[in-house]
1. Among the candidates E180, E267, which residue alone is touching a helix residue (DSSP H, G or I) at 6+ places or on another chain (Cβ under 8 Å) and either part of a loop (DSSP other than H, G, I, E, B) or modelled with pLDDT of 95 or more (or both)?
2. Out of the residues in segment 270-284 meeting the condition of being part of a strand (DSSP E or B) and out of contact with any helix residue (DSSP H, G or I) (no Cβ under 7 Å at 6 or more places or on another chain), tell me which one is farthest from A311 (Cα to Cα).
3. Kindly indicate the residue of segment 196-223 that is under 25 Å from T262 (Cα atoms) and of a type outside the set (A, V, I, L, M, F, W, C) and also nearest to the chain's Cα centre (by Cα) among those meeting that condition.
4. Here is a list of conditions, (1) closer than 29 Å to A232 by Cα; (2) surrounded by fewer than 17 Cβ atoms within 10 Å (Cβ to Cβ); (3) touching a residue at least 24 places away in the same chain (Cβ under 8 Å), and D321 meets all of them except one; can you say which number that is?
5. Considering only residues of segment 378-395 that are surrounded by fewer than 22 Cβ atoms within 10 Å (Cβ to Cβ) and not acidic (D, E), which is farthest from the chain's Cα centre (by Cα)?
6. Could you tell me which numbered condition Q300 fails, if it satisfies all but one of (1) farther than 17 Å from T195 by Cβ; (2) over 33 Å from the mean Cα position of the chain (by Cα)?
7. Please find, within segment 366-377, the residue that is modelled with the lowest pLDDT out of those that are open to solvent by 40 Å² or more (accessible area, probe 1.4 Å) and at negative phi.
Amino acid sequence: MFSALLEDSAEDLYEHAPCGYLSTTLDGRIAKINHTLLNWLGYESSDLVGRRDFSDLLTVGGRLYHETHFGPLLRMQGEISGIALELRTADGGRLPVLVTSIIRNGNDGQPLLIRTTVFDARDRRTYEAELLRARQESDRERERLKRLNATLQKTLLPPTLVDVPGLDVAAYYHVASADEVGGDFYDLFPLASGTWGFFLGDVCGKGAAAAAVTSLARYTLRAAAVYDPEPAAVLANLNTVLNHEYNGQDPRFCTVIFGLLTPDGDEGGFQVTLASGGHPPALLMRSDGHADYLPTPGGQLIGVLPDADIATTSVRLDPGDTLFLHTDGLTEAHSVGAAGRYGDEALLEFAQELAPTTARDAVAAIRDLLDSFGTGVDDDTAVLAFNVPRHSSEEQM
């Protein structure tokens, strides 16, 4: 068998090569064409050799491309390769091909003829079409998933924040990726005796599993606050529920701040009581321009242990003061030009430059800050701010 292969003539190898060959004069007239290409096109040699130009085999678009790009580049460079074209077959069909052409020179160095190799691209075209179809379907599926995630995300957040007389409130949710539902959440709602409850938290993980925990946490916090509004008791109830529901192979936990807002005195202030379960501390921005964290050390993650340690603190908000809560997506973001995370110290400096401020202005500033990080924000971020407005007489001073 090997000997038989060695006896194949060069002419036979040319005629029955796995690709098409043709030679044309410099003006494009077909001078020679192999049997392989003739079979693909459905012609006899006598139909083409000396009678047709190479451009005659092209579709209208291919002929235009050949005249404006292919031909000029070939004459300029002497060779052009891997060009996708379509040839017209004898029965009017189209044959997708990849074409490589080279100008051969005579002994005197002058251009003599053009030799062209033609590769059948039907399988490749089919593959590309299938790949394109799969990509389009994937894009459509991704858009459907984004819409589903956006809808699901909205159900985990209050559509609007309730109005608290004598208090300005603002919130914002920054989505790090539209492909996954985040686990951050917040809410503000009325309780008995002129008191309002609020919370802000962050469930570990992303996706549907995190969304389920987020939903459970939100409704548990609301129900627990009605039963016993004392902040440490509310978080203790949530800890019991999460620890009971997710203590098997797939443990789930969250960090949460829960607080109570109670009007305090005739001057328009509010008394705030906070309980924290492993959550980043709240920021207090005073009317005199001072800003600092409200320390809640020792608070443990909610849902990990049967009896979590919950840290509490209290503070009074006077006119002009702003209380700001956030999830760790903000401080764990990568700032532009920095090697590490944004960090608690940078946020505190940012707050000190903002103070004094209002709830809306603080949230707007944080929103701009998050936008400045671009893709450096790896995790969703929720922020919630409360501000006691200044009296009109103070604003005029």
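1. On the way: E267 fails: touching a helix residue (DSSP H, G or I) at 6+ places or on another chain (Cβ under 8 Å).
Going through E180, E267 in turn, just one is touching a helix residue (DSSP H, G or I) at 6+ places or on another chain (Cβ under 8 Å) and either part of a loop (DSSP other than H, G, I, E, B) or modelled with pLDDT of 95 or more (or both): E180.
2. Just the residues of segment 270-284 that are part of a strand (DSSP E or B), to begin with: 270-277, 283-284.
Now narrow it down to the ones that are out of contact with any helix residue (DSSP H, G or I) (no Cβ under 7 Å at 6 or more places or on another chain): 270-272, 276, 284.
On the way: F270: 20, Q271: 17, V272: 14, S276: 5, L284: 17 Å.
Out of the qualifying residues, it is F270.
3. Of segment 196-223, the ones under 25 Å from T262 (Cα atoms) are 196-202, 217-223.
Then keep just the ones that are of a type outside the set (A, V, I, L, M, F, W, C); that gives 197, 201-202, 218-220, 222.
Working: G197: 34, G201: 23, D202: 20, R218: 26, Y219: 29, T220: 31, R222: 32 Å.
Top of the filtered list is D202.
4. Only one criterion is unmet by D321, namely (2).
5. First, pick out the residues of segment 378-395 that are surrounded by fewer than 22 Cβ atoms within 10 Å (Cβ to Cβ): 378-379, 389-395.
Keeping just the survivors that are not acidic (D, E) gives 389-393.
Details: P389: 38, R390: 41, H391: 44, S392: 45, S393: 48 Å.
The residue in question is S393.
6. Failed condition: (2).
7. Taking segment 366-377 and keeping what is open to solvent by 40 Å² or more (accessible area, probe 1.4 Å), we get 367-368, 371-372, 374-375.
Those still in the list that are at negative phi too: 367-368, 371-372, 375.
Values: R367: 94, D368: 94, D371: 91, S372: 90, T375: 84.
Across segment 366-377, the extreme among qualifying residues is T375.
Per-residue answers, yes or no, for (1) assigned to a strand (DSSP E or B); (2) within 21 Å of L325 (Cα to Cα); (3) not aliphatic (A, V, I, L, M):
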{"residue": "P229", "(1), (2), (3)": "no, yes, yes"}
{"residue": "A232", "(1), (2), (3)": "no, yes, no"}
{"residue": "T240", "(1), (2), (3)": "no, no, yes"}
{"residue": "N243", "(1), (2), (3)": "no, no, yes"}
{"residue": "F258", "(1), (2), (3)": "yes, yes, yes"}
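The values are calculated or read from the model by the stated rules, or taken from the named source; none is laboratory data. Quick caveat, the model's predicted, so the values are computed rather than measured. Cβ sites come from the backbone with ideal geometry, for glycine too, and all protein chains shown count toward neighbours. Surface accessibility is based on the protein's heavy atoms, side chains included, excluding ligands, DNA and RNA. Shrake-Rupley method; radii C 1.70, N 1.55, O 1.52, S 1.80 Å.
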